[in-house]
Amino acid sequence: MKGNLRTVEASELRSTIESSDTVIRLVDEFLRAEHRSLHIISKPFIAFLLAKLIPSLNRSILFVGQDTDWLDQLESDFILIADKKPINLLDENQLNIAGTYHFLSGDINFYTADYTIFFTNFPTVQSLRSSILSITTGETMDYQGLISSLKKYNFQRKDYVEEVGDFALRGSIIDVFPESTEYPVRIDFFGDTVESIRIFNPITQRSIKPVKSVMILPFRKTDSRSSSLLDAIPPGTLIILQEPGLFKDIYKDEGDKILHTLSENINSFFINLIRRTPADLTINATPQPGFNGRIEPVAKKIHELCTSGYRVFITSSTHHLQQNLANIISEYDDMYSTSVLTEIYFVHLPLSAGLVLPDDRIAILSEHEIFGRRSVSLSRREKAKKFVGLLRRDLHTLRKGDYLVHEDYGIGKFIGLEKIKIVNSIQECAKVEYADGDVLYVNINYLAKLQKYSSEDGFQPKLNKLGGGDWEALKRKAKGKLKDIAKDLIRLYAQRKKTKGIKFAGDTIWQHELELSFTYEDTPDQIRSTLEIKNDMESETPMNRLLCGDVGFGKTEIAIRAAFKATMSGKQVVVLVPTTILAEQHYNTFKDRLSQYAVAVDVISRFRKKTEQNRILKALEAGTIDIIIGTHRLLSNDVKFHDLGLLIVDEEHRFGVQAKEKIRQLCANVDTLYMTATPIPRTLYMSLSSAMDISILQTPPANRLPIETYVINFDPKTIQSAIEKELDRGGQVFVVSDSIRDLSRLADLIRRRVPTARIGILHAKMPSVDIEKTMIAFLKNHLNVLVATKIIEAGIDIPSVNTLIINNADHFGLAELYQLRGRIGRSNIQAYAYLIAKPFSNLSRDAARRLMAIEEFSQLGSGFNLAMRDLEIRGAGNLLGREQSGFINNMGFEMYNKILEEAVEEARFEEHITDQLNTITRRKIEPQLIVDVDAFIPDDYVSSDTERFDIYKRLSRATSLVEIDELSDEIADRFGKLPPPTANLLTIIKIKINLEALRIPRLEMKGSKISLSLPSNDENFYRSNFPHLMNSLDKMNDLTYRIVQERSEARIEIDFHTSTKYDSAVKLERITRLVEELKNNT
C-alpha cells in the first residue's frame, strides 16, 4: 500500500515554532535582558530562535561558538529556516574583510565566529571605508590603475578566477572574486570606460547577469591601526557566547577577563548546551529520541505523541525519502490497525536534528536522527563543489611538452601553436613533434583528430614515426582483440537470458526498513542500482550483473540489501572475496547491518580452527546459516549448500584461473552479483551495456563529511599531534610511506613520541600469513597505528581509521593518493589526511599540481576527474583483460575508447544484434574550405596558448550551428568583442558544418568564383542530395554554374554576376548565403 503524504511548507513549520509560547517568552527575555544566561540543549531550536530574534529586535546578532564544526551546523539550520545566509567574520582563521566592514558599519544581520574572534585584531571602519573600490557601469576608471589596486589589495593573479581573492586579465576584461559578492564579477572596459559589469559562474566561467556596480575591499589585509572585538563592536549589537564555562577552561585568565567584560555589557548573552549553571534560565526544548533506524518504534512514538496532543512534523532532505518513510509507516498502520500516517506532517527541510517543545505540544523528528545519520552542513557542501568544473577542464588541458595522439599519425609531442601563411591568408596550426624530430602541422580545422594522451600514471609513451605503418597496425590489432571480446560477451549474455533461474519474492516491510536505516542518504546511483538488482532477482532469468563504483560509494550496502532480499525468500547467500582480511571486514559489516533481524551470518577462512570450519560447513548444508562469507575456501569440494540462491563475488579479477572456473560452475543457475571498486570508463559502460548488465555508482554519499586534507613539510611535532588527536578519540591511524626501508624509522619515531601507540608494520614483501595476522590485529583494534606501504590502497575498509599520514606524498600518483585517502572517512566521524612533502618550490610542476588537487578536493569523489583516468584504465584491464592496459598505454585512453566503441558496434552488427552500422563506423566527411581570409584567434585577444588551443579544439569538435553560436557567445563573454579574424574563423566552421550536411568534401573560392567538389563513390549523395542541389542552383539568378569532370573527380564551378570587390567579409558572407540556401533546399 502506498502512503498518502500530508506535507507542509518549511515556512509553515517556521511560523508554528516562532508563534509558540516558548519562543515568544524567550524573545521577551532578550528584550528585558533580566536573564542573560540560558540553558538550551537543542541546536535547531537556537536556529529557530535566532531567525525570530533578528527581525524582532531589529539589531545585529554576533553568535560566538566553540568551533567551526558546531557553527557549520548552526549556520546550515539557520539558512534552511530563515532562507538567509549568516556572515562568518572568520574564514580559515583570517578576518573576512567584507563581512567585517558590514559588521562594523552596523548593517543588521546575523554574524558568526568561533572563540578566536576575541583575539583577532579588527581594522577601523574608517580605514575600511577609505579603501573601498567602488566600480559602476559607465564610469571612467583607469584600467591599469585597477590592476595595481587589486595587487595592492592582496588579490592573486590566476589564469582563471576560481575562488575568493583571485583575479584574471583577458584583453579588455578583468575578472575578480571579492569577498563582498557571492559570485565573481567580470568588468569589461572600453578604453578607460567601464562598459559593463557581470557576475559569472566560476565553474562554467559564463556570465549569469549584469549588475550596475560592485564594491571591492582588500582581501584578508588590514591597516596597522587595529583594535579588539570588544573595542570595535558597534553599539546595540547583541553578542551571544556559547558555553562560557568551556571558553574559560580553554583561555584561562584571558578568557576570564573577556567573560567579565561581557557580563557587564547588557547586550551580551550566554547559552549553555552542555554545562548548566545556577544562573541559567532553562528552556524546555529537548532533542528528539533516537530510534536506531527502526521504524516500528518511530511509528509507536508518533502514535504516543499524537495521543498526547502533539503536532508531529518529520523533516527530510528529499521527497524520495519522505515517500519511502510514508510507505513503511503505512505498512505498520496496516499491521497494527493504527492511523499514524494521517497524524504526521512531512516537511522538505533537512534540519541537522529534531526537537520537542513539551509546553507547546510540538515535535519535530529529523530524518538524520531517525536513521542515526549525521548531516553535512550546506557550507561544507558548497566548499566541496567549488573546484569541480576547473578540474574537468584541467583534465583535457594541453600544455607545451605534453604528449598527444593524432587519429591518423599516432603519439607525438605538442610544441605549441604557430601562425603560418597559407596562400594570402594567415591561419594558426598546432605544431606536433614525432620520432626523429619530424614535425606535423595540424590546421585548427582538424584539431578534432587530436586528443591529449593519457595512460596509467607515470607511463612514458614512445613517439610514433611519421609515415611508418606501426600506428595503423596497432589500431587494427586492438580493434580485432576488442571485437573478439565483445562477441564472447554478447553470446554469453544471450545464452544466459534464455536460462531459467530463481524468481525471488517482492520486498517485505523489513526490506524497506533495512534500506531506510542506512547510515547515509541514498545517492541517485544507489537508488537506481538497488532497483536494477532487485528487478533482476524478481525475474526468472538468472541475474548476472556487475556493480561498479569507487571506494566508499556504497557497493557493500547494496550487496547487503540483495543478500537480505534473498534470505527473505528462504535462500542462502555466498559472499566470495579474494582475501581473508576482506572476508573479516565484510563479515563485520554484514553482521552489524543485519543484527536486528533473524538472519544468521558467518565467515569461513583459514583463520578459523578446523573444528569451527567443520561446524560451519554442517550448518551451511543444514540451512541454519543464511549468509556465508569467505575466500576461495568456499569453492572447495567439501562445501555443500542447503538452498543457494545468490552468489556475490567481490573483485573477481583478483582470483586465479582455477577459482574463476569454479565460480562459473557455482553461478550456473543462481543469481550472481559481481562487485569491483575500480571504476570502468563511461565509454566502456555505454559500449558494453548491450552485452552485459552493469550498474554504476558515480556519486559519493551526500551526507558524508569531507576529509580535511593538509599538505605539510616533515615535522615530528605535527605527526605526533595528529596521531594523539586520533587516539584520544578512540580511533586508529594509517601511516603510509613509499619505501619499505622508511617504515621502521617512522615506527620508531612514533613510539618515542606517542607511547600509547600500539604499532604494526605492513608491506608486500612480508609472508602472506604475517600480512593477514597484522591486518586482523589492526582490524580488531589490538593495534591502533599501522605503518605501511601503499599495500593498504585496495580492500581495507575500517570505519574507526580516520587519520591518514602519507610520507613522501610527492612520490605518489594522483590516483594512488586518491585511493589511499579513500581508506579513511568511512563513517560519520571527521577524518584528516596529512600529506608530507618537500616545499612546493622544490617540487616538479606535476607533483605540485597533484598535491594541490588532492588538497583542494577534500570531498569524496570530487577529485574523481583527474584521478579517474588511471583508475578507469585499471578498470578496463580488470574487465577486459590486462592486455588491454598495454593497448591503452600505447595509443592513449581517448583513442582506445574510440576504437572500443567501433569494435563493439561492428561486433553487434556481425552478431545480428543490430541491422545496420551506427554513424560512428560510417566514413565521415571532413570538408576542406579554401578561402584566402585571415581566420585565427589573435594573441592579444587570448594570450594563453593553452586557452587558444582549448577554444580551437572545442570549435573543431562542434557539430551544429547552435554549438558555434553558443561558443561565440561564450568567447565574447569571457574575452570581449570578437576581432575580425576570430569572427571569420567562426563563420568558416559554420560553413564547414553545412558542407558536411550536404556531404560536399571541398569548397574553394578565388575572386568571384566558387568551386564545389563532389564526393566520389557515394550513391546516397547522387540519389538524394545531388538533384536538389542542381534544382537550387537553377533557381539562383545571380550566378551561372557548370559541372566539370576530370578523371574520377567531379566539381561544380560557380561564377557570381557582380563587380563587387571581394574583401574577406564579403567573400565569407557570399559563401555562407550560398551554402545555407543549398542546405535549406536540399
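The values are calculated or read from the model by the stated rules, or taken from the named source; none is laboratory data. The structure presented is a predicted model; accordingly, all values stated were derived computationally and were not measured. Positions of Cβ are generated from backbone atoms using ideal geometry, with glycine treated the same way; all protein chains shown enter the neighbour counts.
Just one of (1) in contact with a His (Cβ under 9 Å, 6 or more places away or on another chain); (2) modelled with pLDDT of 85 or more; (3) closer than 14 Å to Leu365 by Cβ fails for Ile283. It is (3). On inspection, Gly886 does not qualify as touching a strand residue (DSSP E or B) at 6+ places or on another chain (Cβ under 7 Å) and either modelled with pLDDT of 75 or more or crowded, with 19+ Cβ neighbours inside 10 Å (or both). Filter the stretch 725-743 down to the residues that are under 31 Å from the mean Cα position of the chain (by Cα) and of a type outside the set (Ser, Thr, Tyr) and list them by number. Selection gives Lys725, Glu726, Leu727, Arg729, Gly730, Gly731, Gln732, Val733, Phe734, Val735, Val736, Asp738.
Cβ-Cβ contacts under 8 Å between residues 6 or more apart (or on different chains), taken from a first residue in the stretch 963-978 that is under 16 Å from Ile174 (Cα atoms) to a second residue that is surrounded by fewer than 16 Cβ atoms within 10 Å (Cβ to Cβ), are listed as Glu970/Arg206; Asp973/Arg206; Arg974/Arg206.
Residue by residue, here is whether (1) basic (Lys, Arg); (2) in the same structural domain as His368 (by TED's automatic domain parsing); (3) more than 16 Å from Pro350 (Cβ to Cβ) holds:
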| position | (1), (2), (3) |
| --- | --- |
| Val27 | no, no, yes |
| Arg36 | yes, no, yes |
| Ser42 | no, no, yes |
| Ala47 | no, no, no |
| Ile54 | no, no, yes |
| Gln66 | no, no, yes |
| Asp72 | no, no, no |
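Can you say whether Ile302 is among the β-branched types (Val, Ile, Thr), touching a residue at least 40 places away in the same chain (Cβ under 8 Å) and touching a Gly at 6+ places or on another chain (Cβ under 9 Å), as far as the supplied structure shows? In short, no. Could we say that Ile97 is on the phi < 0 side of the Ramachandran plot, in the same structural domain as Asp231 (by TED's automatic domain parsing) and in contact with a Phe, Trp or Tyr (Cβ under 9 Å, 6 or more places away or on another chain) here? Considered against the rule, which asks whether it is on the phi < 0 side of the Ramachandran plot, in the same structural domain as Asp231 (by TED's automatic domain parsing) and in contact with a Phe, Trp or Tyr (Cβ under 9 Å, 6 or more places away or on another chain), Ile97 comes out as yes.
The single condition among (1) outside any helix (DSSP H, G or I); (2) in contact with a strand residue (DSSP E or B) (Cβ under 9 Å, 6 or more places away or on another chain); (3) not assigned by TED's automatic domain parsing to the domain that holds Gly65 that Ile239 does not meet is (3). Restricting the search to the stretch 589-615, which residues are under 27 Å from Glu513 (Cα atoms), in contact (Cβ under 8 Å) with a residue 40 or more places away in the chain and surrounded by fewer than 21 Cβ atoms within 10 Å (Cβ to Cβ)? Within the stretch 589-615, Thr589, Leu594, Gln596, Tyr597 meet the criteria. Screening the stretch 319-361 for residues that are in contact with a strand residue (DSSP E or B) (Cβ under 9 Å, 6 or more places away or on another chain) and aromatic (Phe, Trp, Tyr) and picking the one that is surrounded by the fewest Cβ atoms within 10 Å (Cβ to Cβ) gives Tyr345. Residues in the stretch 755-769 include none that are part of a helix (DSSP H, G or I), of a type in the set (Lys, Arg) and over 30 Å from Asn544 (Cβ atoms).
In this structure, Ser1008 does satisfy being small (Gly, Ala, Ser) and farther than 25 Å from Ile174 by Cα.
Where strands (runs of 3 or more DSSP E) sit wholly within the stretch 1-115, none has at least 1 residues that are under 20 Å from Gln242 (Cβ atoms) and free of Cβ contacts under 8 Å to residues at least 12 places away in the same chain. Scanning the stretch 817-846 for residues that are modelled with pLDDT of 75 or more and either outside the structural domain of Ile798 (by TED's automatic domain parsing) or over 20 Å from Phe553 (Cβ atoms) (or both) turns up Tyr832, Tyr834, Leu835, Ile836, Ala837, Lys838, Pro839, Asn842, Leu843. Quick test of your reading of the structure: Ser944 fulfils all but one of (1) among the small types (Gly, Ala, Ser); (2) within 25 Å of Ala168 (Cα to Cα); (3) touching a Lys or Arg at 6+ places or on another chain (Cβ under 8 Å). Name the failing condition by number. Status for Ser944: all satisfied but (3). Within the stretch 490-510, one or more residues are of a type in the set (Gly, Ala, Ser), buried (at least 19 other Cβ atoms within 10 Å of the Cβ), touching a residue at least 60 places away in the same chain (Cβ under 8 Å) and not in a helix (DSSP H, G or I).
Scanning the stretch 430-474 for residues that are out of contact with any helix residue (DSSP H, G or I) (no Cβ under 6 Å at 6 or more places or on another chain), in a loop (DSSP other than H, G, I, E, B) and of a type in the set (Lys, Arg) gives a single hit, Lys462. The set of residues in the stretch 180-195 that are small (Gly, Ala, Ser) and surrounded by fewer than 16 Cβ atoms within 10 Å (Cβ to Cβ) contains only Gly191. Of all residues in the stretch 142-165, those that are touching a helix residue (DSSP H, G or I) at 6+ places or on another chain (Cβ under 8 Å) and either aliphatic (A, V, I, L, M) or assigned to a loop (DSSP other than H, G, I, E, B) (or both) total 3. Evaluated against (1) in contact (Cβ under 8 Å) with a residue 12 or more places away in the chain; (2) part of a helix (DSSP H, G or I), Asn535 falls short on exactly one condition, (1).
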